[in-house]
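J.: Here it is, the structure, as structure tokens.
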Amino acid sequence: MVAIAIDGPASAGKSTVSKILSKKLGFLYLDTGALYRSIAFYFVCNDLDYSNIDVLEKGLKNIDLKLEFRGDQQRVILCHKDVTDSIRTDKISSLASDISSIGIVRKFLLDFQRNFAKENNIIMDGRDIGTIVLPSANIKIFLTASLEARAKRRYLEYQDKGYKGSYDEVLESIKQRDYNDSNREIAPLIPARDSIIVDTTEYTLDEVVDIILDIVKKSVTV
Ligand code: DC
């Protein structure tokens, strides 16, 4: 099996790039951020305080998390409900970043993520895929861009979807998530030592896809 790990900060374009690459390569694409988002969503919706360890442990035991793949779409099924779209809010983004710093949450999701790579050629995106989840991935990309470029892209995306919020608010929220994700004790966002850093600040989406495809073709036979 071939595994491609794509890590990087919020709004660097990981999921857009991964989706296109997975289609071109015929690989399964797993968006691991959606898993952390779903866990945060579970605790918020059930009004449970995950900072209380007993509540957290009990909640994790009750979580039934499944992924369904339809075409190039990953659907997240949480306790028999499709939450794929509901987990894409700004509030869930920051709660996911918060809850993902807790060790037992990360442990809960570790095997879940690894099992997908056992049976599929896979592109997995996240924060710790190259460092922790799939340390022996064939290719490790660290996809990044300047804070301003990422905020601008996210802001335009929000405008497209009709969400409210100023550019400054978007920038501030990404900055906060960068800080949380990079400074937590467990599995922080850092490039794996053997990763290739791709800075997309000055590139178009097509250019980024071509750069990574080139890396893939030079590294593995697909
Ligand atoms: O990729 P995303 O924005 O959907 O991720 C939401 C949050 O989940 C992110 O801020 C940190 C956390 N996360 C993580 O800790 N490890 C991953 N592999 C993926 C996401």
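J.: Give the order of Thr89, Thr200 when sorted by the count of other beta carbons within 10 angstrom, beginning with the fewest.
T.: Values: Thr89 14, Thr200 22.
If I rank by nearby Cβ atoms, fewest first, I get Thr89, Thr200.
J.: About the Cα centre of the chain, what is the dipole size in debye to 20, counting +1 per Lys and Arg Cβ and -1 per Asp and Glu Cβ, all else neutral?
T.: Numbers: 31 positive and 33 negative charges, 101 e Å.
For this selection, approximately 480 debye.
J.: While we're here: If the elastic network links every pair of Cα atoms under 10 Å, which of Asp125, Asp160, Asp49 fluctuates the most in the Gaussian network model of the chain?
T.: Asp160
J.: If you don't mind, there's one more thing I want to ask. The range 56-105: D in µm²/s via Stokes-Einstein (Kirkwood Rh, Cα pairs, 25 °C, 0.890 mPa s)? Provide the component values of the computation, followed by the final result.
T.: Numbers: Rh = 12.3 Å.
Rounded, D is 200 µm²/s.
J.: Order these by the 10 Å Cβ neighbour count, fewest first: Ile6, Ile104, Ile139. If you can, show how the numbers build up before the last one.
T.: Details: Ile6 27, Ile104 12, Ile139 20.
Sorted ascending by nearby Cβ count, the order is Ile104, Ile139, Ile6.
J.: Here's a follow-up. Taking the beta-carbon count within 10 Å as an exposure proxy, list Thr201, Thr131 from fewest neighbours to most.
T.: Working: Thr201 12, Thr131 23.
Going from sparsest to densest Cβ surroundings: Thr201, Thr131.
J.: Taking only the alpha-carbon positions of the chain and ignoring solvent, what does the Debye formula give for the base-10 log of I(q)/I(0) at q = 0.11 Å⁻¹?
T.: Cα-only, vacuum Debye calculation for the chain: -0.52.
J.: Another question, if that's okay. Determine the distance separating the Cα centre of the range 1-75 from the Cα centre of the range 142-177; give it in Å without decimals.
T.: So the separation of the two Cα centres works out to 20 Å.
J.: Follow-up. Quick one: work out the % antiparallel among DSSP beta bridges in the range 66-222, nearest 5. Walk me through the intermediate numbers first.
T.: Working: 7 of 11 bridges.
Once the DSSP bridges in the range 66-222 are tallied, antiparallel ones form about 65 percent.
J.: What does the convex hull of the Cα atoms of the range 134-189 come to per residue, in Å³, rounded to a whole number? Display every interim value, and only then the final one.
T.: Details: hull volume 6.0 nm³, N = 56.
Looking at the range 134-189, the number lands at 106 Å³ per residue.
J.: Once you've got the GNM for the chain with C-alpha springs shorter than 10 Å, pick whichever of Phe108, Phe27, Phe41 has the biggest mean-square fluctuation.
T.: Of Phe108, Phe27, Phe41, the Gaussian network model singles out Phe108 as fluctuating most.
Taken together, the values in this text are just the output of simple stated rules run on the coordinates, not laboratory data. Here the structure is a predicted model, which is why all the values come from computation and not from measurement. In this analysis, Cβ positions are derived from the backbone assuming ideal geometry, glycine residues included, and neighbour counts consider all displayed protein chains.
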